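Participant: Shown below is the structure under consideration.
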Amino acid sequence: MSKRKRAESKSSIGGLKEDENKLLDLIRSKEGMGATTFEMKLETKIVPALITRSIASLKKNHLIKEVPNINNKGIKHFLAVEFAPCKELTGGDWYNDGTLNIEKIEDLKGICVAILDSAKDRVVTFEILSTYFEKTKDKLTREQVKQILKNLVLDNVIMEVTSNGLGEFSSTRIGQVCYKLTGRKSDNGKARAGAFASVPCGACPHIALCSPDGVISPTTCDYFQKWLDF
Amino acid sequence: MDTSEFGIVYAVHIITAQFGSVVSKVCECLLRKGSLSSRDISRFSESEINHNKVKDILYLLIQHNCVQAFSVEPRAGSESKAIVQYFVLFNNIIHRVRYNKFSRVVNEELGSQCGAVLDGLLTNGRLTLGQLIERDRDSENTIGSEVIRDSLRKLVAARFVERIPSPEPVIGKKEQEPGQKKKGTRAAQIIKEPETLEERIIEAATPVDAIRFPLIFEQGSSSSLADNDGNISEGKRKQHDVESSDSRNEVIWRPNFEEFIRHLRHKACVEIVKERRDEGCAIVLRAMLEVGRSQEKKVKTAKSVPMSVGSIYEEVIKTEAGRTMLQERVEACLDQLSATSSYLPAFVIEMDDSYIVDFTSIISVAQKDEMEAVVLRRYGKEAFRMFRYLSQEGHFVETDKIADAALTEKKDTPQILLKMWKDGYLHMQKLAVTGVYVPFLLWKVNKLIVSRQMLDEMYHACLNLSLRLTHEIDSEKELTLLPLNKLEGALKERLNKIKAKRLLLSSTSFKLDDAIMLFHDF
Ligand code: SF4
């Protein structure tokens, strides 16, 4: 124990500045992603206690800053002050202080649906949609508009179609990416009511535990009770 | 046989309800252990059913087309005699709850007289023409022997009825001993075997078409068919087997489930197309199915034969709905049917000026909708997006990327994915990366595994619906026994309620069974 202490203090005399520099270089090289203490240990081979001390010192001198990771709140990333945290850490455009801005997303989705709905039987090109959003107060980038549309496709509310210049595509160029409603917007974009999903057992979280003579059984279950309560 | 656990439980339940618990024990024994000799069955079935009783039960099950006997060719030079084995036909047991669907098909296609003959075969399993006539004579609404004969002929011509298979075909030896049930993990069982024991037995037992569906038949004159038989050696052997089954030399008939399933499959395809495209496309598809029908060798045909626009058009104008369609319109529908988008795959493949129906693609669209509907109801909107994203990607994707693509809160994404994974709806893989503290989790939708999982759950749900129905009826038994005109006020209301419950439960299981067919039979 005492031996180790001696070794540490020895290195600290001439090495603290050196360690700090080493760490700062590493952190700078990681740009917007920064470095975690785990990575610092692994890549610089500096002993943990010194890493902690160096980080504190670098922070005090306003050379680095601490940013939480959106995917793993427990892990801290250290970034050089001149870099803004990257998408992987903040979660990207749709995040506000680490929380997804669902309200805004849903609002934007609602606007898209309204535009597509007003187009009636015709398709709407991506260009029209993205120009529209460029002019609004949100000033969405093309990439962001694309993300919103993709989300609506995943919701099964709209579909992406490529123009062939005929029929409903007559006012578009061949090959242009267009969108139209799948025709299910009224149902909040729900998938077709499947036969299985319409039975209580299809939606039941206990199906794996349910058995004819078990504690959870079709003769006693509440889901059936409610479903059959005329 | 790749029967799911709840598939077995459900099949046993059907047999118990219709034939009693002793018969169902024999059935369960066969369902769980694969094919067995009658002695083995009497040994294995829990409550020592004696050998003679087992034999009686097997005859009953054979009569109702739920069991097929066969024997394996003894090794060359071996002294031992081939022992008769019994194989349970799981599908035919499940078909028993579909009899009213089959009956409806015949009533619609061939009229009520054919329907009556078919009903006779469905309730009795197998009958000769003589027995059918006899049965009619004893019934209240006699239709007469000529009508019976004529209806039977129509049913055979339409292939809804077939001559019974060979009672005890001999199959060649293969590496796998019958009676030995394959072991292995679920995933290993999913990989499809080229030819299962079931397929081999059925193939060996089924006579060639000319014998299976004879064009001319009279009581006792089936021998005239031998000349029609193109496949001489094989066919003759089979014919001999078939005839020896009948002591009075009268042909025995049974419903041909294969044709009913094919019919329902076609009908389902037309419905799927009608709902996703439009009426016109549905008319064109129906015509295409008609053109290609005679060339379909098995029920689960993946793709039809190629057909020309001309032949399709010819068929379209034969139908009442298509009579007014111009060839131009038919061509436009074909274009629509062969279009692909992110929303719908192509239903028809265009190739060198001819068109092929892509059954697999049509059916998979409906399967996908069924799966997604369950995911939406059980796990919510976010899960629905993730599931759709992963099915679209078709490969492993890490958690973070899924959250980005589905625009779901990153904190919640792992939990939602884990929930689906626990229930078998997702596949997960851990990926340890050097230098990174927590392992990456990768996710994927494996359609085959999801289908199996859902199918098992659907059998489970069918069983539950049936059990609940019995429960509801039992709990109001006294009420249903009272004379109707004596019921008033609260009692009458109770009776109406039980009727409504009964209706909901049975109509739901009817629809659920359609979904089962979509995953299992189509
Ligand atoms: S019977 Fe009830 S408990 Fe069992 S699976 Fe169905 S809904 Fe769930």
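The values are calculated or read from the model by the stated rules, or taken from the named source; none is laboratory data. Since the structure is predicted, the reported quantities are computational estimates derived from the model, not experimental observations. Heads up, the Cβs are rebuilt from the backbone with ideal geometry, glycines too, and the neighbour counts pull from every protein chain shown.
Participant: Within the stretch A:12-121, considering only helices (runs of 4 or more DSSP H) that don't extend past its boundaries, which have at least 3 residues that are touching a residue at least 60 places away in the same chain (Cβ under 8 Å) and among the small types (G, A, S)?
Facilitator: none
Participant: Got a sec? Which of B:V88, B:V106, B:V23, B:V97 is farther than 23 Å from B:H460 by Cα, touching a residue at least 12 places away in the same chain (Cβ under 8 Å) and more than 14 Å from chain A (Cβ to nearest Cβ)?
Facilitator: Matching residue, one of B:V88, B:V106, B:V23, B:V97: B:V106.
Participant: Within the stretch B:408-425, can one find any residue that is part of a loop (DSSP other than H, G, I, E, B), of a type in the set (V, I, T) and buried (at least 17 other Cβ atoms within 10 Å of the Cβ)?
Facilitator: yes
Participant: Counting only residues that are within 14 Å of another protein chain (Cβ to nearest Cβ) and of a type outside the set (A, V, I, L, M), which one in the stretch A:55-84 is surrounded by the most Cβ atoms within 10 Å (Cβ to Cβ)?
Facilitator: Ranking the qualifying residues of the stretch A:55-84, first place goes to A:H77.
Participant: Taking only the stretch B:20-43 into account, find how many residues are assigned to a helix (DSSP H, G or I) and surrounded by fewer than 18 Cβ atoms within 10 Å (Cβ to Cβ).
Facilitator: Residues flagged as assigned to a helix (DSSP H, G or I) and surrounded by fewer than 18 Cβ atoms within 10 Å (Cβ to Cβ) within the stretch B:20-43 amount to 6.
Participant: Based on this model, can you work out whether A:T52 counts as hydroxyl-bearing (S, T, Y) and away from every other protein chain (no Cβ under 14 Å)?
Facilitator: The answer is yes for A:T52.
Participant: Still on this structure, I have one more. Here are some residues: B:V22, B:V105. Which one is out of contact with any Cys (no Cβ under 6 Å at 6 or more places or on another chain) and assigned by TED's automatic domain parsing to the domain that holds B:A116?
Facilitator: B:V105
Per-residue answers, yes or no, for (1) part of a loop (DSSP other than H, G, I, E, B); (2) more than 16 Å from the ligand (Cβ to nearest atom); (3) modelled with pLDDT of 85 or more:
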| position | (1), (2), (3) |
| --- | --- |
| A:M159 | no, yes, yes |
| A:G183 | yes, yes, no |
| A:S217 | yes, no, yes |
| A:T220 | yes, no, yes |
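Participant: Let me ask something additional. Can you tell me which condition A:F196 does not meet? The list is (1) under 19 Å from A:K226 (Cβ atoms); (2) at pLDDT below 85, and all the others hold.
Facilitator: Going through the list (1) under 19 Å from A:K226 (Cβ atoms); (2) at pLDDT below 85, A:F196 breaks only (2).
Participant: Does B:D404 satisfy being more than 16 Å from the ligand (Cβ to nearest atom) and within 12 Å of chain A (Cβ to nearest Cβ)?
Facilitator: So B:D404 passes the test.
Participant: Right, something else. Just need a number here: residues in the stretch B:291-321 that are of a type in the set (D, E, K, R) and closer than 18 Å to B:S361 by Cα.
Facilitator: Matching residues across the stretch B:291-321 total 5.
Participant: Taking only the stretch A:134-181 into account, find how many residues are without any contact (Cβ under 8 Å) to a residue 24 or more places away in the chain, among the acidic types (D, E) and more than 11 Å from every other protein chain (Cβ to nearest Cβ).
Facilitator: Of the residues in the stretch A:134-181, 2 are without any contact (Cβ under 8 Å) to a residue 24 or more places away in the chain, among the acidic types (D, E) and more than 11 Å from every other protein chain (Cβ to nearest Cβ).
Participant: Given the condition surrounded by 19 or more Cβ atoms within 10 Å (Cβ to Cβ), in a helix (DSSP H, G or I) and charged (D, E, K, R), answer yes or no: does some residue in the stretch B:85-107 qualify?
Facilitator: Yes, some residue in the stretch B:85-107 is surrounded by 19 or more Cβ atoms within 10 Å (Cβ to Cβ), in a helix (DSSP H, G or I) and charged (D, E, K, R).
Participant: Among the residues of the stretch B:423-466, count how many are closer than 18 Å to A:G202 by Cβ, more than 16 Å from the ligand (Cβ to nearest atom) and facing another protein chain (nearest Cβ under 9 Å).
Facilitator: Looking only at that region, the number is 0.
Participant: Additional query: So A:V199 clears everything in (1) away from the ligand (no atom under 16 Å from the Cβ); (2) of a type outside the set (D, E); (3) surrounded by 19 or more Cβ atoms within 10 Å (Cβ to Cβ) except one condition, right? Which one?
Facilitator: Result: A:V199 fails condition (1) only.
Participant: What do you reckon, is A:K226 part of a strand (DSSP E or B) and either within 16 Å of the ligand (Cβ to nearest atom) or touching a Leu at 6+ places or on another chain (Cβ under 8 Å) (or both)?
Facilitator: For A:K226, the condition - part of a strand (DSSP E or B) and either within 16 Å of the ligand (Cβ to nearest atom) or touching a Leu at 6+ places or on another chain (Cβ under 8 Å) (or both) - is not met.
Participant: Among the numbered criteria (1) in contact (Cβ under 8 Å) with a residue 12 or more places away in the chain; (2) within 11 Å of chain A (Cβ to nearest Cβ), which one does B:A339 miss?
Facilitator: Failing condition for B:A339: (1).
Participant: In this structure, is B:I349 closer than 22 Å to B:R276 by Cα, part of a helix (DSSP H, G or I) and of a type in the set (V, I, T)?
Facilitator: Here the answer is no, as B:I349 does not meet what is asked.
Participant: Please go through the stretch A:206-215 and pick out each residue that is within 8 Å of the ligand (Cβ to nearest atom), facing chain B (nearest Cβ under 8 Å) and out of contact with any Pro (no Cβ under 8 Å at 6 or more places or on another chain).
Facilitator: Passing the criteria: only A:I207.
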